[in-house]
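The values are calculated or read from the model by the stated rules, or taken from the named source; none is laboratory data. This is a predicted model, so every value here is computed, not measured. Note that we place each Cβ from the backbone using ideal geometry, even for glycine, and neighbour counts take in every protein chain shown. The area values use the complete protein model at the heavy-atom level, side chains included, leaving out ligands, DNA and RNA. Shrake-Rupley method; radii C 1.70, N 1.55, O 1.52, S 1.80 Å.
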Amino acid sequence: MSAFATQTAGGGGVPQGSMAIKPPSHPTYDLKAVIELALAEDAGDTGDVTCMATIPFDMEVEAYFLAKEDGIVAGIALAEMIFEQVDPSLKVEWMRKDGDYVHKGLKFGKVSGNAHKIVVAERVVLNFMQRMSGIATLTKLMADAAYPARILETRKTAPGLRLVDKWAVLIGGGKNHRMGLFDMVMIKDNHISAAGGIINAIRSVDEYLKIKNLEMDVEVETRTLEEVKEVLEYVSGSKTRVSRIMLDNMVVPLENGDVDVTMLKDAVELINGRVETEASGNVTIETVHKIGQSGVTFISSGALTHSVKALDISLKIDTELALEVGRRTKRA
């Protein structure tokens, strides 16, 4: 197993050191416990009955990771953690690192050791890696197209996999939005409606942060140019923690499949760099480039994590037969 220094504070036992891109921090998330849960749901109360029936317990093998699609690989560091938890004696070697491009048919990693343990770990490792690689691949496409704006994900992540999904976004070249409800104030439409208006909501947040002696960024969602003007007037005349304005659904879809970003550009011009800006709504791989040229600081897309297509990756002991089958099915 590759040598790692273990982070013991604030990272849930996440290994650090040699990994290409570190995971985002979280005060309570326990990644080791998430891995244990994934292994436990697979093993149940009996274990791998097929392995026990077919594979001698002392058999040693080598198994190779095969990419069956082109894309960005992610989850390599996490895979090492899983193999470590299943059997610390397993040896893992990689020809690529998290964030690298892999092409269809490429052997990009190898695990060697006890066959039973490798097969037990296989599906859990691949489930994480395929999902993370799918997120990283889409993020890379979106991030490149969005430039000079930065691409963000949202909280629309798989329940229980928040840190894993957001880690994959970082590996793909994106930037993390808030991790959860605790690390940033984000005043959205429901908060505004319940507070009786956008300024009431901002004022209440500023007062709350002052009373609680909390220092954190504040973002406020705006849906019209009038709301943008209201926020700017408040920001210019008050001491406030507002540091970002979300410009929600100011990208207007057209019947021909294009989008109109006129309203978005008008809002960015009004703000004129006084705070950060974030475009949200109607963000796709087809529209993100045009949105990115509007002058916004950030573009957020829930699709990075809520509608991800997993990247096809396999782990095979008999790689020659696997490649033969892959060529027959056009997957290698």
Pick from Thr287, Thr297: which is over 27 Å from Tyr234 (Cβ atoms), touching an Asp or Glu at 6+ places or on another chain (Cβ under 9 Å), surrounded by 15 or more Cβ atoms within 10 Å (Cβ to Cβ) and not small (Gly, Ala, Ser)?
Thr287
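Within segment 142-152, which residues are crowded, with 22+ Cβ neighbours inside 10 Å and under 21 Å from Tyr101 (Cα atoms)? Steps first, answer last, please.
Pass one, segment 142-152, residues crowded, with 22+ Cβ neighbours inside 10 Å: 142-143, 146, 149, 151-152.
Passing the criteria: Met142, Ala143, Ala146, Ile151, Leu152.
In this structure, is Ser243 without any contact (Cβ under 8 Å) to a residue 60 or more places away in the chain and farther than 18 Å from Thr297 by Cα? Spell out the reasoning first.
Values: without any contact (Cβ under 8 Å) to a residue 60 or more places away in the chain: yes; farther than 18 Å from Thr297 by Cα: no.
No: the conditions fail for Ser243.
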For segment 194-223, enumerate the residues that are closer than 24 Å to Leu152 by Cβ and open to solvent by 50 Å² or more (accessible area, probe 1.4 Å).
Leu214, Glu215, Asp217, Arg223
Would you check which residues across segment 23-70 are charged (D, E, K, R) and assigned to a loop (DSSP other than H, G, I, E, B) and list them?
Asp30, Asp45, Asp48, Asp58, Lys68, Glu69, Asp70
Residue pairs meeting the criteria (Cβ under 7 Å; at least 6 apart or on separate chains; first more than 12 Å from Leu163 (Cβ to Cβ), in segment 23-48; second open to solvent by 90 Å² or more (accessible area, probe 1.4 Å) and in a helix (DSSP H, G or I)):
Asp42/Arg123
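A quick yes/no check of all residues on (1) open to solvent by less than 50 Å² (accessible area, probe 1.4 Å); (2) of a type outside the set (Lys, Arg):
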site: Asp258; (1), (2): no, yes
site: Glu269; (1), (2): no, yes
site: Arg274; (1), (2): no, no
site: Glu278; (1), (2): yes, yes
site: Gly292; (1), (2): yes, yes
site: Asp312; (1), (2): yes, yes
Mind listing whichever residues of segment 236-292 are in a strand (DSSP E or B), under 26 Å from the mean Cα position of the chain (by Cα) and of a type in the set (D, E, K, R)?
Arg244, Asp248, Glu276, Glu278
For segment 234-249, which residues satisfy the criterion of being open to solvent by 30 Å² or more (accessible area, probe 1.4 Å) and β-branched (Val, Ile, Thr)?
Val235, Thr240
Go through segment 103-141 and give me each residue that's open to solvent by 30 Å² or more (accessible area, probe 1.4 Å) and hydrophobic (A, V, I, L, M, F, W, C).
Val119, Val120, Leu138, Leu141
